[in-house]
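Colleague: Before we start, here is the structure in question, set down as structure tokens.
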Amino acid sequence: MGEKYFPLDKAALEKLSQQYPTPFYFYDEKAILENIRRIKSAFSVFPSYKNHFAVKALPNPYMLKILAAEGFGADCSSYPELLLAEIAGMSGENIMFTSNETPANEYKAARKMGAVINLDDFTQIKFLERTAGLPELISLRYNPGPIKEGNAIIGKPEEAKYGLTREQIINGYSLMKDKGVKRFALHTMVASNELSVPYHIETARMLFELAVEIKNKTGVRLEFINLGGGMGIPYKPEQEGINFEKLAKGIEAAYNEIIKPAGLDPVGIRTEWGRVITGPYGWLVTRAVHKKDIYRKYIALDACMADLMRPALYGAYHHITIPGKENTPLSETYDVVGSLCENNDKFAVQRKLPKIDVAADADVNSEEAGDFVIIHDAGAHGRAMGFNYNGKLRCGEFILRKDGSIMQIRRSETVDDYFATLDILRLKDFVV
Ligand SMILES: *Cc1c(COP(=O)(O)O)cnc(C)c1O
């Protein structure tokens, strides 16, 4: 069972927010580094193990630079993500390009950077050949279909748009071999936010068995197997996080049982984890502005689902704490909401919380702001999924460096950013 923490106390937050008003995202570098070292130590049984951080989870080059220094690569799925990885100092085969329905120009960019291209469909072999040319190393994404159970976020593999069927995978490696491709890799991604260690071990086992079948049927020997992303994190305090030791040991046992006797050792093991790397070490920091008592009690924040859409999109749980009220009894039941004109703009529904003070309650002449409201586990798929609907401006990002200093790594958006793509000067000549 995990205690939910936030690295700053109320006084430090008060100080920070005087210079940089809420809302903002806040990340803890030291905790991220400790987490990475736990993962690397658990997976040290596989000498060439590498995680390609899924850039979409936290697309900020400052964070990518930290991860690159730890030996991580990147997993990109678009041209801008490739650029982010590149400016963060990642290059060549440290970058996986796991895209789908990919435009030709993005293949060209990935090829030029020497990234490992991971094809999502059988037809993409010819399309890649025609548009960017076939590189020396290619990976294929496997969709196991009905033989593997999926989970809530990603759905059942047989209903998922991703990957090649088993038959296509076999034919794909044969075709690529005939076309002169020299090096081969295999990838899958069958679940998202999955906390079950046996489930992930089973996925590895399935890929190892497929690697043997590929060798037997096509003569292709895989250089590495990429287990994809999808490691869960304990969003709820009562949940248990992934035990990386157990996971690595289980994968090692399957490797020894399947890969070694088939004479395929060594095969590299790669992952594309995003959420489990930064998720628990990032927070959306907000303040309570309004309250409202109608059929339910509402607390309204200065952030909204444009800052964090997981609750609205998946009904996802994000833990909420109030700095300075950690030990106050949970006497109230609130819906914690944002200011978007959408009724699913709720960070929490019927949540037990301490009594929250809001800015609007303060005396007329007082500058008192409301309580800080910390939304936990927002370090992955948080700021990244933000949007501008309702004219909402996305907030900035801060990092608590390992030396204790705080640095802004992205400013919040301004109205100028919102108007930047409009050609306002020509509006006066636009006759209606
Ligand atoms: C989203 C995604 C990931 C990362 O998933 P996490 O749940 O953040 O680990 C990795 N690979 C692919 C192909 C993805 O689409």
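The values are calculated or read from the model by the stated rules, or taken from the named source; none is laboratory data. These numbers were taken from a predicted model, which means no experiment stands behind them. Quick reminder, even Gly has a Cβ in these numbers, built from the backbone with ideal geometry, and neighbours come from all protein chains shown.
Colleague: Can you confirm whether region 217-225 contains a residue that is away from the ligand (no atom under 16 Å from the Cβ) and within 25 Å of Ala380 (Cβ to Cβ)?
Modeller: Of all residues in region 217-225, those away from the ligand (no atom under 16 Å from the Cβ) come to 217-223.
From what is left, the residues that are within 25 Å of Ala380 (Cβ to Cβ) are none.
No, because not a single residue in region 217-225 is away from the ligand (no atom under 16 Å from the Cβ) and within 25 Å of Ala380 (Cβ to Cβ).
Colleague: Right, here's the next one. With in contact with a helix residue (DSSP H, G or I) (Cβ under 7 Å, 6 or more places away or on another chain) and closer than 23 Å to Ile36 by Cα as the only criterion, which of Leu227, Leu186 stands out?
Modeller: The unique qualifying residue is Leu227.
Colleague: Hey, among the residues in region 72-111 that are assigned to a helix (DSSP H, G or I) and in contact with an Asp or Glu (Cβ under 8 Å, 6 or more places away or on another chain), which one's nearest to Gly229 (Cα to Cα)?
Modeller: Going through the qualifying residues, I end up with Leu82.
Colleague: Return a yes/no flag: does region 53-71 have any residue that is under 25 Å from Met309 (Cβ atoms), of a type in the set (Phe, Trp, Tyr) and in a helix (DSSP H, G or I).
Modeller: Checking region 53-71: at least one residue is under 25 Å from Met309 (Cβ atoms), of a type in the set (Phe, Trp, Tyr) and in a helix (DSSP H, G or I).
Colleague: Another question, if that's okay. So which of Met1, Met63 is at pLDDT below 95 and of a type in the set (A, V, I, L, M, F, W, C)?
Modeller: On the way: Met63 fails: at pLDDT below 95.
Being at pLDDT below 95 and of a type in the set (A, V, I, L, M, F, W, C) holds for just one of Met1, Met63, which is Met1.
Colleague: How about region 249-275: which of its residues are hydrophobic (A, V, I, L, M, F, W, C), within 16 Å of the ligand (Cβ to nearest atom) and farther than 18 Å from Leu222 by Cα?
Modeller: Passing the criteria: only Trp273.
Colleague: Report whether or not Pro311 is farther than 22 Å from Gly396 by Cβ and at pLDDT 95 or above.
Modeller: On the way: farther than 22 Å from Gly396 by Cβ: no; at pLDDT 95 or above: yes.
Here the answer is no, as Pro311 does not meet what is asked.
Colleague: Residue check: is Gly338 without any contact (Cβ under 8 Å) to a residue 40 or more places away in the chain and surrounded by 10 or more Cβ atoms within 10 Å (Cβ to Cβ)?
Modeller: Against the criterion (without any contact (Cβ under 8 Å) to a residue 40 or more places away in the chain and surrounded by 10 or more Cβ atoms within 10 Å (Cβ to Cβ)), Gly338 qualifies.
Colleague: Starting from residues that are in a loop (DSSP other than H, G, I, E, B) and under 18 Å from His52 (Cα atoms), keep the ones in region 181-216 and report whichever is farthest from the ligand (Cβ to nearest atom).
Modeller: Residues of region 181-216 that are in a loop (DSSP other than H, G, I, E, B), as a first pass: 181-182, 189-193, 195-196.
Within this subset, residues satisfying the condition of being under 18 Å from His52 (Cα atoms) are 189-193.
Working: Met189: 5, Val190: 11, Ala191: 8, Ser192: 5, Asn193: 6 Å.
Ranking the qualifying residues of region 181-216, first place goes to Val190.
Colleague: One residue is enough: does region 279-295 have a residue meeting the conditions more than 18 Å from Cys395 (Cβ to Cβ) and among the basic types (Lys, Arg)?
Modeller: yes
Colleague: I'd like the full set of residues that are more than 16 Å from the ligand (Cβ to nearest atom) and either within 16 Å of Cys395 (Cα to Cα) or surrounded by fewer than 18 Cβ atoms within 10 Å (Cβ to Cβ) (or both), limited to region 47-61.
Modeller: Of the residues in region 47-61, the ones more than 16 Å from the ligand (Cβ to nearest atom) are 47-48, 61.
Matches in region 47-61: Pro47, Ser48.
Colleague: Only one of Ala384, Ala380 is within 16 Å of the ligand (Cβ to nearest atom), within 25 Å of Trp273 (Cβ to Cβ) and not in a loop (DSSP other than H, G, I, E, B). Can you tell me which? Walk me through how you get there before you give the answer.
Modeller: Numbers: Ala380 fails: not in a loop (DSSP other than H, G, I, E, B).
Exactly one of Ala384, Ala380 is within 16 Å of the ligand (Cβ to nearest atom), within 25 Å of Trp273 (Cβ to Cβ) and not in a loop (DSSP other than H, G, I, E, B), namely Ala384.
Colleague: Shifting gears a bit: Inside region 258-294, can you point out the residues that are assigned to a helix (DSSP H, G or I) and either among the polar types (S, T, N, Q) or without any contact (Cβ under 8 Å) to a residue 24 or more places away in the chain (or both)?
Modeller: Thr278
Colleague: Using beta carbons and a limit of 6 Å, which pairs, at least six apart or on different chains, have the first residue in region 387-403 and assigned by TED's automatic domain parsing to the domain that holds Asp307 and at negative phi and the second one part of a strand (DSSP E or B) and among the basic types (Lys, Arg)?
Modeller: These pairs meet every condition: Gly396/Arg410; Glu397/Arg410.
Colleague: Among the residues of region 114-138, write down those that are surrounded by 19 or more Cβ atoms within 10 Å (Cβ to Cβ) and outside any loop (DSSP other than H, G, I, E, B).
Modeller: Val116, Ile117, Asn118, Leu119, Gln124, Ile125, Leu128, Ile138, listed by residue number.
Colleague: Among the numbered criteria (1) away from the ligand (no atom under 16 Å from the Cβ); (2) within 29 Å of Arg351 (Cβ to Cβ); (3) touching a strand residue (DSSP E or B) at 6+ places or on another chain (Cβ under 7 Å), which single criterion is violated by Asp293?
Modeller: (3)
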